[in-house]
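Novice: Take a look at this one; I'll ask things after.
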Amino acid sequence: MLSTLASPHPCTNRPSLPFPLRFAPPPFLYPSRHRLSVRSCHVSPTSPPNSRPSLSLSQSNFHSPPPPTTLKIAIIGFGNFGQFLAKYFSQQGHTILAHSRTDYSSIANSLDNTFFFKDPHDLCESHPDVVLLCTSILSAQKVLGSIPIQRLRRSTLFVDVLSVKEFPRSILLNRLPPDFDILCTHPMFGPESGKYGWNGLPFVYEKVRVGGSHERVSRCEAFLDIFRKEGCRMINMSCKEHDEIAAECQFLTHTVGRVLAELKLKPNPDDSLGYDTLFQLIENTCSDSFELYNGLFMYNKNSTDLLDRIYAAYEEVKKELRRMVQGILRRRLFGTTGVGELEDSAARCEAFLESFNKEMVDLDENAAGVHFVALTTGMILAKLGLKPTSIATKGYETLLKLVEDTSSESFDLYIALFMHIRNSNELLDQLDISLAKVRTELYGRLHDILRRQLFDQQGIINNVHN
Ligand code: NAP
């Protein structure tokens, strides 16, 4: 399509535009639908991807264009997730106009129907049907404020995909004039968890403001159709409800993934223990940026409390473990634990240990370590009282499964593994260190951001640093 243009793609460099974009855009920027006016147009949400709307001409509505079947979608924030979405959008035949802080021209060139704009003014003058805000949570307000919305068509549909929802809803409502439509969404999967397709994965959305005209309603549906066609589980839910349910689950999932990643566990080639999903969780959460994790932390009002609860639950698991080990040892030394309520469980545990040690002499140390860490994590999570939710990500489902598996294993097995593995105390210490490291990093960034805001406002940040 681009080969029809005389020079290299003009959109990437504003001053050298060979044509005045606002008045005579090249053919690819104006789909043919603008040449025909219609009275009615029906696009069924279940229509096949290439079906065309049925058109009926009308003199009265001659200037109202039909709703689009393929959209011109501007993606603002063309990082990890923006590029991932663009691939699917372009495969469905939509045109992507991308803009980001970093120059991603070459990545855009490698995708079908995708054009990178260094200058957001040029992008807006190309009049996208949809502007998709896909920047980090922390930069969203600044980036939204930098979009020259006066160059867009007044009825443009704004969509966001931020992993928290009340915050973008509020900044979009504050920033955009009433003529603009607003759809807040959260595709609850990422480049890793959705790399084999989106079938069955949850997509949460709230139509915050969509004008009543047929064109606006159909445009919003055409955007949602992208996800319907990929088989997403579409969940119409308010931003408030999303944050109440999802914010905590997401933050917890990312925390567990990051803490476990610090342990540098090695997956077993034959994975006889079935912990492949645990390793997937580690991979999925760590392939997302720390900025995303930090956004989940900052925009979830319960996150500091949740971190404290994880710590407390972990301390409790360790206390139970050490109490039992001491009980068994005392029984062996003195024939009693010295604590009434411990007697029976210590005796049972000791018997289990003996049979376990006989049967498991050849236990693979690495596999046992993974099993021990998984059980420890399951016990911590069980103490937090995780609940199933209708909008669970794959990662959160892994956590729920871990809790279920842990509860079906006995505490005796946990003690046996602890005793059998040479470096189990070291593993527990490493968990301590990992938790502390993740927490220090989060609070460090929080401190940094607040400090910048405080000192920047007073114009003294340089003095403080110098
Ligand atoms: P991210 O680290 O949250 O965001 C990266 C994007 O933000 C890049 O486009 C980056 O631009 C831009 N950005 C960061 N700081 C900026 C600043 N100061 N000024 C301007 N732009 C800035 O990682 P992500 O995974 O790509 O996520 C993007 C959005 O999608 C986030 O809001 C996230 O919550 C949401 N989301 C992500 C996932 C996921 O699994 N990854 C799933 C659902 C929703 P440059 O690259 O140009 O620097």
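Novice: Give the cross-link partners of residue 358 among the aspartates and glutamates, using a straight C-alpha distance below 12 Å as the criterion and excluding same-chain residues fewer than 8 apart.
Specialist: none
Novice: Same structure again: Counting only other residues whose beta carbon sits under 14 Å from that of residue 181, what net charge do I get with K and R as +1, D and E as -1?
Specialist: My count for the surroundings of residue 181 gives +2.
Novice: Give me the distance between the Cα centres of the range 134-151 and the range 413-433, rounded to whole Å.
Specialist: When both Cα centres are located, 47 Å separates them.
Novice: Please tell me the relative contact order of the range 214-296 in percent, rounded to the nearest whole number, where contacts are Cα pairs under 8 Å and at least six residues apart.
Specialist: 33
Novice: Another one. Counting other beta carbons within 10 Å of each Cβ, put 251, 356 in order, fewest first.
Specialist: Starting with the residue having the fewest Cβ neighbours, the order is 356, 251.
Novice: With θ set to phi - 60°, apply the Karplus curve 6.51 cos²θ - 1.76 cosθ + 1.60 along the range 215-220 and write out the HN-Hα couplings as whole Hz, x wherever there is a Gly or Pro.
Specialist: With the stated coefficients, the range 215-220 comes to 5, 5, 4, 5, 5, 5 Hz.
Novice: From the C-alpha gyration tensor of the range 243-452, pull out the three semi-axes of the equivalent ellipsoid (sqrt of 5λ each), sorted largest to smallest, in whole Å.
Specialist: Working through the eigenvalues yields semi-axes of 33, 19, 16 Å.
Novice: Got a sec to turn the phi values of the range 381-388 into Karplus ³J(HN,Hα) couplings, 6.51 cos²θ - 1.76 cosθ + 1.60 with θ = phi - 60°, whole Hz, x for Gly and Pro?
Specialist: With the stated coefficients, the range 381-388 comes to 5, 4, 5, 7, x, 5, 10, x Hz.
Novice: Which of 165/207; 118/165; 266/401; 87/118 have a Cα-Cα distance over 22 Å?
Specialist: Over 22 Å Cα-Cα: 118/165.
Novice: Tell me which residues come under 5 Å, amide H to amide H, from residue 115 once H is placed; ignore anything under 5 positions away on its chain.
Specialist: Long-range HN contacts for residue 115: 96, 97, 98.
Novice: Under unit Cβ charges (Lys, Arg +1; Asp, Glu -1), what dipole magnitude, rounded to 20 debye, does the range 214-259 have relative to its Cα centre?
Specialist: 160
Novice: Further question: If amide hydrogens are placed 1.01 Å from N in the peptide plane, which non-local residues have theirs closer than 5 Å to the one on residue 233?
Specialist: Amide H to amide H, under 5 Å and 5 or more residues apart or across chains, residue 233 pairs with 200, 201, 203.
Novice: While we're on this one: Around residue 194, under 11 Å between beta carbons, what's the net of Lys plus Arg minus Asp minus Glu among the other residues?
Specialist: +1
Novice: Hey, can you grab everything whose amide H is under 5 Å from the amide H of residue 155? Only 5+ residues off in sequence or another chain; H modelled, so Pro and N-termini drop out.
Specialist: Placed amide hydrogens put nothing under 5 Å from residue 155.
Novice: Taking θ = phi - 60°, what integer Hz values does the Karplus form 6.51 cos²θ - 1.76 cosθ + 1.60 yield along the range 232-248, in sequence order, with x for Gly and Pro?
Specialist: With coefficients 6.51, -1.76 and 1.60, one gets 4, 7, 7, 10, 7, 8, 5, 4, 4, 5, 3, 5, 4, 8, 8, 4, 5 Hz.
Novice: Using Cβ contacts closer than 10 Å as the measure, can you line up 163, 146 from fewest to most?
Specialist: Final ranking by Cβ density, sparse to dense: 146, 163.
Novice: Fewest first, what order do 224, 97 take by the number of other Cβ atoms within 10 Å?
Specialist: In order of increasing Cβ crowding within 10 Å: 224, 97.
Novice: While we're looking at this one, here's another question. So for the range 129-211, what are the equivalent ellipsoid semi-axes in whole Å, largest first, each being the square root of 5 times an eigenvalue of the Cα gyration tensor?
Specialist: 24, 14, 12
Novice: A further question on this structure: Distance between the C-alpha centers of the range 350-391 and the range 220-275? Whole Å please.
Specialist: Distance between centres, Cα-based: 23 Å.
Only the coordinates and a few stated rules stand behind these numbers; no lab work does. A quick note: this is a predicted structure, and the numbers were derived from the prediction, not measured. Reconstructed Cβ throughout: ideal geometry from the backbone, glycine too, with neighbour counts over all protein chains shown.
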